Amino acid sequence: MRFFNTYSRKLEEFQSRDPVGGKIDIYTCGPTVYSRAHIGNFRAYVFEDLLQRHLELRGYKVHRVMNITDVDDKTIRGAREAKIPLRQFTEQFKQAFFEDIETLRIKRADEFPSATDQRYIDRMIEMIATLISRGLAYQAEDKSVYFRINKFPDYGKLAHFDLTQLQSTGRVKHDEYDKEHIGDFALWKAWDEEDGEVGWESPWGRGRPGWHIECSAMATTLLGEQIDIHCGGVDNIFPHHEAEIAQSEGVTGKKFVRYWLHCAHLLVDGQKMSKSLGNFYTLPDVLEKGYSGREIRYALMRVHYRAPLNFTWEGMEEARQALARIHEWLTRLREVVAKKIDNGKNETHPEEQFEESLDDDLNISAALGFLFESIRETNRAMDQNEMDAATANAWLKWWERVNSVLALEPGQKPASVIISVSGVEGKAAVDSDRVVIEEALPPDVAKLVEERAQARLAKDFRKSDELRDKLNALGWEARDTKDGQKITRRAGA
């Protein structure tokens with residue numbers, strides 16, 4: 001297994017710090033809860049979920065921490081404008097975040113530490129005091145504490161900046177800035193009137209932590225002085241992750257992170273997402289267009305994490321079609337298993353090319369390519385009645401491994417309903433892992449299915465198509481097979 005390490009700018013073979021036990025510590029930068037997270041944020045979170053799931057498929061025991069930034073310049077500004085306490089302001093966006101990751105089937109981290117928890121505030125103060133004692137930080141005349149970047153020789157190596165070629169602006173108090181404004185960054189910000197009631201007592205007076213020290217404190221508290229993998233978006237590389245390295249290693253004297261993985265930006269119709277351009281989308285915005293969480297997950301996952309992802313509505317339709325192909329394939333395989341077909345063919349075992357593609361720096365494009373090529377080949381075999389039950393079952397077992405990473409199959413609800421043209425009673429046999437279930441269709445859906453069956457018998461294909469569209473609007477898809485209509489409930493509908 002190998003990953004592209006941002007620090008070295010090279011593909012490196014992955015080696016766990018615990019080769020015997022197989023334990024891996026991962027820290028992922030979570031949301032800053034000043035507003036609802038947008039689909040660009042979730043591109044990163046889906047990438048990190050894919051990484052964790054693949055590592056677990058390969059036998060590693062993953063311990064993942066995702067922080068929640070609930071105090072910084074943006075959250076304080078938002079609370080002040082809303083005229084409510086900071087905790088009340090951020091809580092609504094924390095809850096929205098957890099709802100959204102559930103919709104996208106993103107595994108929960110083992111811990112979601114919040115920066116305002118006193119445990120982590122105490123750790124931040126302790127780390128800052130250590131940095132001051134070592135000459136790596138100082139309190140300035142504005143009463144804030146800053147990190148001396150020229151005292152840390154490796155500062156700039158993650159972002160690949162040559163500090164001798166950049167002109168320092170002195171000090172930077174803001175949380176976010178670019179290399180043109182490089183300078184000593186804030187570790188502890190002295191209280192001012194705009195902070196309102198937000199603040200903690202410290203040896204340097206009342207104030208609050210800088211954004212960067214928050215992650216160093218939470219990561220080292222929960223995962224220790226050294227971490228296997230640290231993830232985030234490319235926008236986190238500088239200054240945030242650069243500062244994390246300087247702070248953490250300045251305190252511990254040890255290499256903070258072994259592998260840095262960063263995902264590229266998400267664009268919308270080829271442009272940067274912006275409210276002013278009208279192309280800024282949260283997850284509820286996309287769900288309101290009629291798409292399911294599974295479809296959005298696929299759309300955010302299908303491009304290699306280091307390549308920019310261009311989000312389009314055409315791409316969402318492609319995601320819908322891809323999931324429909326997978327679902328139809330699984331249904332056919334289960335039918336072969338149910339019929340206990342034995343045509344004398346030798347059982348074949350799927351290859352590991354899917355897993356091997358992900359071993360290569362999470363090459364999801366190659367992995368999905370192999371998946372759909374396998375679907376084409378097995379569909380061809382089923383079309384020609386060359387698939388026996390044992391082989392179909394082997395492919396279903398293989399899919400279980402694949403889906404443990406992709407998390408694309410519908411959940412516990414029955415996946416499909418097959419209704420014959422000659423008899424639409426509103427009930428149908430549902431094939432879900434060979435458990436036959438009787439499910440009552442909603443009355444409005446059953447009525448449309450019956451009307452569509454009659455339209456097809458009358459060869460009124462225009463009306464048939466109109467009724468298919470109505471079913472689709474209600475969250476059901478209609479396909480015509482030799483056995484009659486196949487009505488499939490879209491997951492999330």
Shape metrics for region 250-350, restricted to C-alpha atoms - Rg then Dmax, Å: 21.2, 68
Heavy atoms of residue 312 accessible to a 1.4 Å probe, total area in Å² rounded to 10: 30 Å²
Cα-based helix-to-principal-axis angle, 118-133 vs the chain, degrees rounded to 10: 40 degrees
Taking all pairs of distinct alpha-carbon atoms in region 192-232, Kirkwood radius in angstrom: 12.4 Å
Cα gyration tensor of region 64-147 - equivalent ellipsoid semi-axes, whole Å, descending: 30, 19, 9
Segment residue 91-residue 277, length gained on full extension (0.36 nm per residue, minus Cα span): 64.1 nm
Percent of Cα pairs exceeding the 19 Å cut-off, where the set is region 186-256: 41 percent
Net charge dipole size for the chain [Lys, Arg +1 and Asp, Glu -1 on Cβ; Debye, nearest 20]: 420 debye
Using alpha-carbon coordinates, inclination of helix 461-473 to the longest axis of the chain, degrees: 30 degrees
At q = 0.16, 0.22 Å⁻¹, base-10 log of I(q)/I(0) for region 181-321 (Debye sum, equal scatterers on each alpha carbon): -0.99, -1.22
Reference-scaled alpha-carbon Rg (2.2 N^0.38 Å with N residues) for region 126-228: 1.11
Calculated SAXS-style log₁₀ I(q)/I(0) at q = 0.13 Å⁻¹ - the chain, Debye, Cα scatterers: -1.23
Estimated 222 nm signal from helices in the chain, with DSSP H stretches of n ≥ 4 weighted -39500 (n - 2.57), rounded to 500: -13000 deg cm²/dmol
Share of pairwise Cα separations in region 1-52, more than 18 Å, in percent: 50 percent
Contour minus Cα-Cα distance for residue 390 and residue 159 (0.36 nm per residue): 77.9 nm
Local electrostatic count at residue 312 - Lys and Arg +1, Asp and Glu -1, tallied over other residues with Cβ under 10 Å: -4
Compactness of region 82-123 - radius of gyration and Dmax, Cα, Å: 12.8, 35
Degrees between helix 242-252 axis and first principal axis of the chain (Cα, 0 to 90, nearest 10): 60 degrees
Debye log10 I(q)/I(0) at q = 0.11, 0.12, 0.17, 0.22 Å⁻¹ for region 5-102, Cα point scatterers: -0.46, -0.53, -0.85, -1.12
Interchain or long-range residues, amide H under 5 Å from residue 4's placed H: 12
Leading residue at positive end of dipole, the chain (Cβ point charges), from 257, 89, 118: 89
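The values are calculated or read from the model by the stated rules, or taken from the named source; none is laboratory data. Note that the structure is a prediction, hence the values are computed from the model and not measured. Note that each Cβ is placed from the backbone with ideal geometry, even for glycine, and that neighbours are counted across all protein chains shown. Ligands, DNA and RNA are excluded from the accessible area calculation, which covers all protein heavy atoms including side chains. Shrake-Rupley method; radii C 1.70, N 1.55, O 1.52, S 1.80 Å.
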